[in-house]
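See structure below.
The values are calculated or read from the model by the stated rules, or taken from the named source; none is laboratory data. Fair warning: this is a prediction, and the values are worked out from it, not measured in the lab. Positions of Cβ are backbone-derived with ideal geometry, glycine not excepted, and every protein chain shown enters the neighbour counts.
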Amino acid sequence: MADDRTPPADEPVTPTTHRAMHRTHRRAVVRVILVTHLVLALLTGVGVAVAYHQLNGNIEALPAIPDEVDRPDAVEVEGPKQPINILVMGSDTRDGQGNKIDGESGKGGSDTTILLHISADRKDAYGVSLPRDALVTRPECVMPGGRKIPGEKLAWFNDAFAVGGPLCTVQMVEKLTDIRIDHQVVVDFNGFKGMVDAVNGVEVCIPKDVDDDEHDIHFDAGTQTLTGRQALNYVRERYVLSVTGDIGRMKRQQAFIASMINKVVSGGTLSRPDRVYKFLDAATGSLQLDKELANLPALVDLAMDLRTTGLDDIKFVTVPFAEYEPDPNRLVWTDKADDLWKRIRNDRPLGREFDGGSVSASDPVGTPDGSPSQSSTDAPASPEQTERAEAQAEARLEAGLCA
């Protein structure tokens, strides 16, 4: 057996002792590497466990819809997975730490409501913005414990959230659309700001300077990256940027969410564990979800499901609407909305009728889908395409977006 001992300092180094020293040194290096990896694995394991309990403990569960509520049937499709419909509601309440962002008190309504449809094959995901000031027939809502909130004709859409919270809003949307809502999510102002900051800001394009002294909102024109508080001011501003008021504000919210998704997926966020953790910590700390979704494994499963969904397949549209004739300052859904609900019920893509004016997550500043800037061909545009592009550009400017 070869001598593995290390020779004394005054002993000549022979070829044999040199090989012995090399083996000894190599084993020492291997031992150091193994011990280091074991320590790192242990630390990582503890870190993951702590992070898991932290994130999972952040999540607040919403009460379930009472069993006695008459709900639409879930549509079954062939294949291993089923489509998912999620109602996302942004609360305008100023209650809670970090939510007192302005001089307004908030009415406890839903500042933003988006019906998100995820196809069964996970190849398409599109969100439908529902105007908060639209007039609808609000049905009777059943609350936990059997308490009932009377329905109302020609009620503002977001009144349902004010009088009965997310449960009443879900029941109303299901009754109006005949679509089964699988999950409900509520996010507050502070969580929105935290998610934006966690990804180091989100890029937007502002077509003109904004100087709203009354609400202390100021922006320079041009493409720029907004941090949390700036971003919140941007998506809520409706006096300078949007000549169409809340409708323009909804369009900017769609473009901003699309840009945030773009930043998370393609901006290096997913390759940075610290940013992923900050994003999840901000999200889970401010989200309220239904019981089935209110745990980290369920959220991870949903995220894993969406790995095959491309950025150009994530889109946002607004429910078709028109002015309410007795009062042009109010809105109503049009008959075309029924075609959109039918597509969702049957798990169909948006189609040309609704896809043309959609905002896509494939562009960092929310360019409308199908616009000339996204075209991959040099062929001249037809008169119809030119007219549509001009209409889209005008609509974007009215919404406070760059054309």
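Residues of the stretch 61-88 that are in contact with a His (Cβ under 9 Å, 6 or more places away or on another chain) and in a loop (DSSP other than H, G, I, E, B): Pro83 alone.
Matching residues to (1) of a type in the set (Lys, Arg); (2) closer than 30 Å to Asp305 by Cα:
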| position | (1), (2) |
| --- | --- |
| Ala125 | no, yes |
| Leu135 | no, no |
| Gly145 | no, no |
| Lys148 | yes, no |
| Lys175 | yes, yes |
| His183 | no, yes |
| Phe189 | no, yes |
| Phe192 | no, yes |
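On the stretch given as the stretch 327-349, residues that are in a strand (DSSP E or B), surrounded by 13 or more Cβ atoms within 10 Å (Cβ to Cβ) and either of a type outside the set (D, E, K, R) or not assigned by TED's automatic domain parsing to the domain that holds Pro131 (or both) total 3.
In the stretch 177-295, counting only strands (runs of 3 or more DSSP E) that sit wholly within it, the ones holding 1 or more residues that are of a type in the set (Asp, Glu) and modelled with pLDDT of 85 or more span 202-206, 210-212, 287-290. Among the residues of the stretch 146-153, at least one is small (Gly, Ala, Ser), touching a helix residue (DSSP H, G or I) at 6+ places or on another chain (Cβ under 9 Å) and not in a helix (DSSP H, G or I).
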